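Below: the structure, in structure tokens.
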Amino acid sequence: MLGVDRATVIESIDFDEEADSVVVHVRPRRSKMRRCGLCGRLSPGYDQGQGRRNWRAMDLGVLLCHLQADAPRVNCPEHGPTVAQVPWARHGAGHTRDFDDQVAWLVTHTSKSAVGELLRVAWRTVGSIITRVVDDARAAHDPFDGLRRIGIDEISYRRGHKYLTVVVDHDTGRLVWAAVGRDKVTLEKFFDLLGEERSGLVKLVSADAAEWIATVVGERCPNATLCADAFHMVSWATKALDDVRREIWREAKKMGAPTLIARIKGCRYALLKNPEHLTDKQQTGLARVAQVNKTLYRAYLLKEQFRLVFQLRGKAAIRALDDWCDWARRCRIPGFVDLYYRIVRHRESIVATLTNDGLSNALVESTNTKLRLLTRVAYGFRSTDNLIALCLLDRGGYCPPLPGRQVAA
Ligand SMILES: [Zn+2]
């Protein structure tokens, strides 16, 4: 019921009426005593620490449950005086290992409020718990092993004032690293951790066209080709189209053109959506745009043709890109002429994307969307370390199995 293994000796069981909790008095088996809480090394005793301590364990039916034990300190030759290791909990934790794992599992499978109510824990506590779970898992396995093709992206959090730089592995689809900041110094930290040898094994890096990413990748990954993320390129075209729409809308209001206003109004989503996802009503709306404003409709077609470039591969894709450039250069829509120059500047990395098979645009897009969502879920956590832990837990493959289910398929 308690989920503790043979390393734990159960001495007695009480019921604390005031706290409405079952209290189980435990101690580590002799062979597991006097080990450093940080490194597990057998060490001489130091003192009794803060005396007896409680660890919250998984509920027993409707009741809370706590394990209670002495928490003496040992004098580790490497870490100095440190609270001794206990087999039922992670170092520094106020909850048992099983409780931690249960929290981590639930956080990735259900809503924020459900976790809090079901487990009777504050959201801040959840943040500390998942950080421990992820740190533990990352210490056990090298998170950077076998990286060959990676994607680098930036995600805004806290209403766009702050950014995370994130690195995904294109081969496993997993998030491998994240840190606060979006600049050279931040990204250099990743390559410092990766080390020179493993950086040399990276064959391909995909990213949006940010200058700082290109600079660092150029310096640190001598054997890598830099590719432009199709997802980011297409979002440039979508942005250009939206600017055109807004400009025409402003003009129409200034001139007082009610028909034009009525037709453009409400067509924003129809314009920006992929045509295969349009409803009948939105299709009709688009057809009207074609009638009332040729410029806006041409901008729409430019966006669509640009998007199609990235659905092709190899020579056909490069030909489509060149056709698009020809058209955009002469289109006389300032936003798209600007986009044309921007695309020309990044042609090399776009061509690399179009000719590299299996670079998953869907992966970058879905990771980006999911991470944005997680930044909102993390609201209320104590620190950005907790936010990063949440991202890694959910997207990095660090979610533990539910306690007691490790063996079951
Ligand atoms: Zn130690």
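If you go through region 30-45 and keep only what is over 11 Å from Val74 (Cα atoms) and out of contact with any Ser or Thr (no Cβ under 9 Å at 6 or more places or on another chain), you end up with Arg30, Ser31.
Does Ala104 satisfy being over 17 Å from Arg41 (Cβ atoms), surrounded by 20 or more Cβ atoms within 10 Å (Cβ to Cβ) and either without any contact (Cβ under 8 Å) to a residue 12 or more places away in the chain or in contact with a Lys or Arg (Cβ under 6 Å, 6 or more places away or on another chain) (or both)? Criteria not met by Ala104. Total residues in region 23-38 satisfying the condition of being within 16 Å of the ligand (Cβ to nearest atom), assigned to a loop (DSSP other than H, G, I, E, B) and open to solvent by 60 Å² or more (accessible area, probe 1.4 Å): the figure is 2. Does region 60-67 contain at least one residue that is away from the ligand (no atom under 16 Å from the Cβ), surrounded by 19 or more Cβ atoms within 10 Å (Cβ to Cβ) and within 21 Å of Cys399 (Cβ to Cβ)? No, region 60-67 has no match at all. Is one or more of the residues making up region 386-393 open to solvent by less than 50 Å² (accessible area, probe 1.4 Å) and either of a type outside the set (A, V, I, L, M) or within 17 Å of Lys239 (Cα to Cα) (or both)? Looking through region 386-393, at least one residue is open to solvent by less than 50 Å² (accessible area, probe 1.4 Å) and either of a type outside the set (A, V, I, L, M) or within 17 Å of Lys239 (Cα to Cα) (or both). All of Ser206, Ser235 fail the test of being buried (at least 17 other Cβ atoms within 10 Å of the Cβ), within 24 Å of Arg372 (Cα to Cα), modelled with pLDDT under 95 and small (Gly, Ala, Ser), apart from Ser206. Examine region 46-55 for a residue that is open to solvent by less than 70 Å² (accessible area, probe 1.4 Å), farther than 24 Å from Val121 by Cα, away from the ligand (no atom under 16 Å from the Cβ) and outside any strand (DSSP E or B), and state whether such a residue exists. Checked region 46-55: at least one residue is open to solvent by less than 70 Å² (accessible area, probe 1.4 Å), farther than 24 Å from Val121 by Cα, away from the ligand (no atom under 16 Å from the Cβ) and outside any strand (DSSP E or B). Among the residues of region 76-88, some residue qualifies, meaning at least one is assigned to a strand (DSSP E or B), surrounded by fewer than 20 Cβ atoms within 10 Å (Cβ to Cβ) and free of Cβ contacts under 8 Å to residues at least 40 places away in the same chain. Before we move on, is Ile130 under 30 Å from Thr225 (Cβ atoms) and among the aliphatic types (A, V, I, L, M)? Judged against the criteria, Ile130 is not a match.
Scanning region 246-302 for residues that are under 21 Å from Phe231 (Cβ atoms) and among the charged types (D, E, K, R) returns Arg268, Lys273, Glu276.
Arg220 passes every criterion in (1) over 29 Å from Leu272 (Cα atoms); (2) of a type outside the set (S, T, N, Q); (3) in contact (Cβ under 8 Å) with a residue 40 or more places away in the chain apart from (3).
To keep it simple, each residue is scored yes or no on (1) open to solvent by 30 Å² or more (accessible area, probe 1.4 Å); (2) at pLDDT below 90; (3) not aliphatic (A, V, I, L, M).
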position	(1), (2), (3)
Asn274	yes, yes, yes
Leu286	no, yes, no
Gln305	yes, no, yes
Arg319	yes, no, yes
Asp323	yes, no, yes
Ala328	no, no, no
Ala352	no, yes, no
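The values are calculated or read from the model by the stated rules, or taken from the named source; none is laboratory data. Nothing here was measured: the structure is a model prediction, and the numbers come from that model. Because the Cβ atoms are built from the backbone with ideal geometry, glycine has one as well, and the counts that use them run over all protein chains shown. The protein model used for the area step is the full one, side chains on, heavy atoms only, and it has no ligands, DNA or RNA in it. Shrake-Rupley method; radii C 1.70, N 1.55, O 1.52, S 1.80 Å.
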